[in-house]
Amino acid sequence: MRTYLKSKIHNAIVTEANLRYVGSITIDEALMEKADISEYEKVLVVDNTNGNRLETYVIKGKKKSGKICMNGGSAHLIKKGDEIIIMTFQTTDVPKKPKIIIVDKNNRFVKYTKEQLEDLKGASC
């Protein structure tokens with residue numbers, strides 16, 4: 001068994017950092033659906049702004065709100081306004097191609113990556 005990338009939200013902007021919350025990352029439900037991320041699923045968050053990386057779990061945010069909130073101790077490492085990548089992984093012998101979505105500066109879905117679009121169109125190479 002190996003561990004592979006399952007999904008990714010690319011270049012999201014942190015809209016809030018809440019130190020007083022118990023922990024986790026809150027993600028807009030619409031983005032979770034597009035990227036095939038489940039509530040309470042473990043994620044790796046990489047901060048493109050400062051280089052920090054951390055693991056946490058997902059809490060569902062209001063659909064189409066654009067909300068990406070770092071909660072609890074993670075708010076010390078990743079701040080409001082930081083650009084992040086959110087990734088999930090799968091451990092399997094037979095990996096599926098990952099769902100990778102691109103979002104704009106308001107955390108609105110823009111597109112799947114080129115590779116994902118080719119899969120959706122049924123193209124292969």
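Take residues that are loosely packed, with under 15 Cβ neighbours inside 10 Å and tell me which of the strands (runs of 3 or more DSSP E) falling wholly in the stretch 8-47 contain 1 or more. So that I can check it myself, show each step before the final result.
Working: elements: 16-18, 24-28, 42-47.
Fully inside the stretch 8-47 and qualifying: 42-47.
Given the condition among the aromatic types (F, W, Y) and either open to solvent by less than 50 Å² (accessible area, probe 1.4 Å) or modelled with pLDDT under 95 (or both), answer yes or no: does some residue in the stretch 53-60 qualify?
no
Residue-wise test of (1) within 15 Å of the chain's Cα centre (by Cα); (2) among the polar types (S, T, N, Q).
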| position | (1), (2) |
| --- | --- |
| T49 | no, yes |
| K64 | yes, no |
| I68 | yes, no |
| N71 | yes, yes |
| K79 | no, no |
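Residues G66, G81: which one is surrounded by 15 or more Cβ atoms within 10 Å (Cβ to Cβ) and not in a strand (DSSP E or B)?
G66
Among the residues of the stretch 15-30, how many are more than 10 Å from the chain's Cα centre (by Cα), closer than 13 Å to T56 by Cβ and among the hydrophobic types (A, V, I, L, M, F, W, C)?
2
Answer yes or no as to whether S38 is within 15 Å of the chain's Cα centre (by Cα) and at pLDDT below 95.
No.
Looking at the stretch 84-104, which of the residues that are in a loop (DSSP other than H, G, I, E, B) and under 15 Å from the mean Cα position of the chain (by Cα) is nearest to L31 (Cα to Cα)?
D104
The values are calculated or read from the model by the stated rules, or taken from the named source; none is laboratory data. Fair warning: this is a prediction, and the values are worked out from it, not measured in the lab. Neighbour counts are summed over all protein chains in view; Cβ atoms, including those assigned to glycine, are modelled from backbone coordinates with ideal geometry. Note: areas computed on protein heavy atoms with side chains; ligands, DNA, RNA excluded. Shrake-Rupley method; radii C 1.70, N 1.55, O 1.52, S 1.80 Å.
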